[in-house]
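Chemist: Questions regarding the structure given below will be posed in turn.
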Amino acid sequence: MSVEGLVVQGLVVDVAGREILRGIDLAVQPGEVVAVMGPNGSGKSTLVSALMGRPGYQVRAGSATIGGRDLLSLSTSDRAHVGLSVVSQYPGEVEGVDAYQLVEEMYRTRGLPLDSFAQDLLSEATGVGLSTALLSRWLNVDLSGGEKKRLETVLLALSGAKIALLDEIDSGLDIDALRAVSRRVGDQVRQGGLGVLAITHYARLLRELVPTKVIVLAGGKIVREGDAGLALELEKTGYAEFLPESQEKSSDSIFGL
Ligand SMILES: Nc1ncnc2c1ncn2[C@@H]1O[C@H](COP(=O)(O)OP(=O)(O)OP(=O)(O)O)[C@@H](O)[C@H]1O
Ligand SMILES: [Mg+2]
């Protein structure tokens, strides 16, 4: 297997003393989109948290590398330096820092000339339909759900990331924003060789951001893999076949089926 992109092998993760991920194997090559789908609570966000090194997500076994470099021994900021970028399911608010300051710092870290960062930020925001007035607010503070996802897309585009983990980047986006955001990320994949792990519940994101592979996570394990067609199939069938019987029955009873 090529070691250029993200390679995760046998990843076991505990959260609050419970085993949530039970041996995850996956790879995302540069210029490739891999989609991860699966029922609520199956461990998708836990995978992102463990790969970004969020405190409380304890890796019990397995490995994760980018370009052959071990990720798990690095601090969260060093993971960003080796090319990992994350759009969280619920982007955090950061008081005291605005988008201009963050992007200036990104450019400084990347050794890029500082004379163009503000113009680049403005043009990326315009490209995804984000009001440029919002760029001078503290990061994500008082932004709507959709505005946060647009801002995160702008920051991803300017980050120089090699691998992006997108945790439901489509949630909260209106139809036009979904198109703009998925096209912008798609351009990075095609032109910049970005590798994307795209977590989503809906096939519509994957119409623009076409995956080479769709992975289904249930109960902390990969239970199925397929091509882009699998997302469409799941949209029709749901996840009943992957749920433990008890959960299936309880959700049936809620809806009185
Ligand atoms: N910090 C935490 N403390 C306690 N339990 C957690 C924590 N993070 C995740 N979990 C638990 O781990 C399980 C997996 O959660 P996770 O957020 O990874 O699911 P998910 O697949 O992303 O679901 P969704 O589709 O709803 O976003 C859930 O049972 C959740 O309650
Ligand atoms: Mg989640």
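Chemist: Read phi for every residue in the stretch 48-58 and hand back ³J(HN,Hα) as whole Hz from Karplus 6.51 cos²θ - 1.76 cosθ + 1.60, θ = phi - 60°, with x for Gly and Pro.
Modeler: Whole-Hz 3J(HN,Hα) from phi for the stretch 48-58: 4, 4, 5, 6, 8, x, 5, x, x, 9, 9.
Chemist: To the nearest 10 degrees, how steeply does helix 99-110 sit against the main Cα axis of the chain, on a 0 to 90 scale?
Modeler: 90 degrees
Chemist: Identify the residues of the stretch 122-139 with backbone N under 15 Å of a label point that sits 7 angstrom from the Cα of GLU95 along the Cα-to-Cβ direction, or state none.
Modeler: 138-139
Chemist: What is the stretch 90-241 by shape, rounded, prolate or oblate, if you read a ≥ b ≥ c off the alpha carbon gyration tensor as root eigenvalues and call it rounded for a/c under 1.5, prolate for a/b larger than b/c, and oblate otherwise?
Modeler: Prolate, because a/c is 1.5 or more and a/b exceeds b/c.
Chemist: For the chain, give the percent of accessible area contributed by carbon and sulfur heavy atoms, probe 1.4 Å, rounded to a whole number.
Modeler: Result for the chain: 50 percent of the exposed heavy-atom area is carbon or sulfur.
Chemist: Grab the eigenvalues of the alpha-carbon gyration tensor for the chain, scale each by 5, take roots, and send me the semi-axes largest first in whole angstrom.
Modeler: 30, 22, 18
Chemist: To the nearest 10 degrees, how steep is helix 145-159 against the longest Cα principal axis of the chain, on a 0 to 90 scale?
Modeler: Roughly 60 degrees between the two axes.
Chemist: How long is the gain from LEU122 to GLU225 if the chain were fully straight, where each residue apart is worth 0.36 nm and the alpha carbon distance is subtracted?
Modeler: That pair, LEU122 and GLU225, stretches by 33.2 nm at full extension.
Chemist: Tell me the volume per residue, in Å³, of the convex hull enclosing the alpha carbons of the stretch 27-80.
Modeler: Convex hull of Cα atoms, per residue: 102 Å³.
Chemist: How many Å² of accessible area per residue for the stretch 6-251, probe 1.4 Å?
Modeler: 46 Å²
Chemist: So who's got an amide H within less than 5 Å of the one on VAL97, skipping anything under 5 residues away but keeping other chains? H placed 1.01 Å off N, in plane.
Modeler: Hits under the 5 Å cutoff: LEU139.
Chemist: Got a sec to turn the phi values of the stretch 87-94 into Karplus ³J(HN,Hα) couplings, 6.51 cos²θ - 1.76 cosθ + 1.60 with θ = phi - 60°, whole Hz, x for Gly and Pro?
Modeler: With coefficients 6.51, -1.76 and 1.60, one gets 10, 6, 4, 10, x, x, 8, 10 Hz.
Chemist: Still on this model: Along the Cα→Cβ direction, 7 angstrom out, place labels at ALA16 and SER144. What is the inter-label distance in nm?
Modeler: 3.2 nm
Chemist: With runs of 4+ DSSP H residues as the only contributors, calculate the mean residue ellipticity of the chain at 222 nm using -39,500 (n - 2.57) per run, divided by the residue total and rounded to the nearest 500.
Modeler: -11000 deg cm²/dmol
Chemist: Another question about this same structure. Roughly speaking, what is the stretch gain from ARG190 to ASN40, that is 0.36 nm per residue apart minus the C-alpha to C-alpha distance, in nm to one decimal?
Modeler: 51.0 nm
Chemist: May I ask you to derive the FRET efficiency for ASP174 and GLU241 from their Cβ-Cβ distance with R0 = 45 Å, giving the value to the nearest 0.05?
Modeler: The formula returns an efficiency of 0.90 here.
Chemist: Note the count of lysine pairs whose C-alpha atoms are less than 28 angstrom apart in the stretch 6-251, limited to pairs 8 or more residues apart or on different chains.
Modeler: Total qualifying Lys-Lys pairs in the stretch 6-251 comes to 20.
Chemist: Using 0.36 nm per residue, how much length does the chain from SER73 to GLN58 gain when fully extended, once their Cα-Cα distance is taken away?
Modeler: Answer, rounded to one decimal: 4.2 nm.
Chemist: Residue by residue through the stretch 202-218, which ³J(HN,Hα) values in whole Hz follow from phi under the Karplus form 6.51 cos²θ - 1.76 cosθ + 1.60 (θ = phi - 60°), with glycine and proline marked x?
Modeler: 10, 5, 4, 4, 7, 6, 8, 9, 6, x, 7, 8, 10, 10, 10, 9, 8
The values are calculated or read from the model by the stated rules, or taken from the named source; none is laboratory data. The shown structure was predicted, so the numbers you read here are calculated from the model rather than taken from an experiment. Ideal geometry is used to build each Cβ from the backbone, glycine not excepted, and the neighbour counts take in all protein chains shown. Just the protein is used for accessible areas: all its heavy atoms, side chains included, with ligands, DNA and RNA removed. Shrake-Rupley method; radii C 1.70, N 1.55, O 1.52, S 1.80 Å.
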